[in-house]
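To keep things clear, I will list the structure first and then write my remarks on it.
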Amino acid sequence: MNSDILINIKAIQGRITAACKQSGRSPAEVKLLLATKTVTTDRIKAALLAGNTLIAENKVQELKDKYDALSAVPHTNHFIGHLQTNKIKDLLSCEVTCLQSLDRLPLAEKLQQMLEAANRSMEVLIQVNTSGEASKFGIAPDKAIALVRQVAALDRLKIRGLMTIGVFCADKEKVRQCFRLLKSLQQQIRAENIPGVLMQELSMGMSGDLEIAIEEGATIIRVGTAIFGQRVYPDSYYWNENSGNA
Ligand SMILES: *Cc1c(COP(=O)(O)O)cnc(C)c1O
């Protein structure tokens, strides 16, 4: 039975609505992305059929493993994990429309090359490490604008905004600072008027901090645990440089 998923989605929608009310925003401005790492295709399908069609994996292997089973149900694939250059081809074959975790130029250059060969383009978000934690991926905030400029020169990559993972911390003000930093980078980059660069998306906020993220301007929140339940693997398995990430 997957009825827990439907109940949980309702609860998340309620949290989105409440947070939007709190900050005078419209719930229509906030997209719910389902973070589906470790979740079975059976359960992902239940969520898709409930009307939430934006999903994302962290690992290419999981993306590939689930691709066939999910192809029967319409949905949009983003990618939110650390990506190795030799796995880009799998992103293309699995029809990922947006890479939210673009965090370095060599990856962007290889992606440009492969998109050109396939005569395609891809939307990207620049992932920024707003918490300063060594265990998280993303470009340092003071290097983000330079990276945006470099990526903007690659015509197959469509920059649509920024992504971050907030610090894990009971101190909500510290979490809020991460999201404020991302928002302020968005405004700085907008002011640069870089040709081809759109800064409409701020992907920030997860199960534990989505309210703060929405208050600070999130347009995409990425939710896993609060919809699908606790994962067996700790998140460090997905987020650490040394986790053998694929
Ligand atoms: C797992 C994951 C999420 C969702 O986290 P939850 O706490 O389970 O909601 C969001 N973003 C990224 C990058 C993730 O890896």
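The values are calculated or read from the model by the stated rules, or taken from the named source; none is laboratory data. Everything quoted here is computed from the prediction, not taken from an experiment. Note that each Cβ is placed from the backbone with ideal geometry, even for glycine, and that neighbours are counted across all protein chains shown. Remember, those area values only see protein heavy atoms, side chains included, never the ligands or the DNA or RNA. Shrake-Rupley method; radii C 1.70, N 1.55, O 1.52, S 1.80 Å.
Within region 1-15, track down each residue that is more than 13 Å from the ligand (Cβ to nearest atom), part of a helix (DSSP H, G or I) and either open to solvent by 70 Å² or more (accessible area, probe 1.4 Å) or not small (Gly, Ala, Ser) (or both).
ASP4, ILE5, LEU6, ILE7, LYS10, GLN13
Among all residue pairs at least 6 apart or on different chains, which show Cβ distances below 7 Å where the first residue, located in region 89-113, is on the phi < 0 side of the Ramachandran plot and the second is open to solvent by 10 Å² or more (accessible area, probe 1.4 Å) and modelled with pLDDT under 95?
Close Cβ pairs satisfying both conditions: SER101/PHE137; ASP103/PHE137.
Please count how many residues of region 230-239 are near the ligand (Cβ under 9 Å from one of its atoms) and either of a type outside the set (A, V, I, L, M, F, W, C) or touching a helix residue (DSSP H, G or I) at 6+ places or on another chain (Cβ under 8 Å) (or both).
4
Here's the yes/no breakdown for (1) among the aliphatic types (A, V, I, L, M); (2) within 16 Å of the ligand (Cβ to nearest atom):
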site: ALA144; (1), (2): yes, no
site: ALA153; (1), (2): yes, no
site: CYS169; (1), (2): no, yes
site: SER184; (1), (2): no, no
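Here is a list of conditions, (1) touching a Ser or Thr at 6+ places or on another chain (Cβ under 9 Å); (2) closer than 17 Å to GLY161 by Cα; (3) open to solvent by 10 Å² or more (accessible area, probe 1.4 Å), and ASP103 meets all of them except one; can you say which number that is?
(1)
Looking only at region 29-75, count every residue that is more than 16 Å from the ligand (Cβ to nearest atom), open to solvent by 30 Å² or more (accessible area, probe 1.4 Å) and not aromatic (Phe, Trp, Tyr) and tell me the total.
16
Looking at region 18-25, can you tell me whether even one residue there is free of Cβ contacts under 8 Å to residues at least 12 places away in the same chain and at negative phi?
Taking region 18-25 as the starting set, the residues that turn out to be free of Cβ contacts under 8 Å to residues at least 12 places away in the same chain are 21, 24.
Narrowing the set further to residues that are at negative phi leaves 21.
Checked against the condition, which is being free of Cβ contacts under 8 Å to residues at least 12 places away in the same chain and at negative phi, region 18-25 yields at least one hit.
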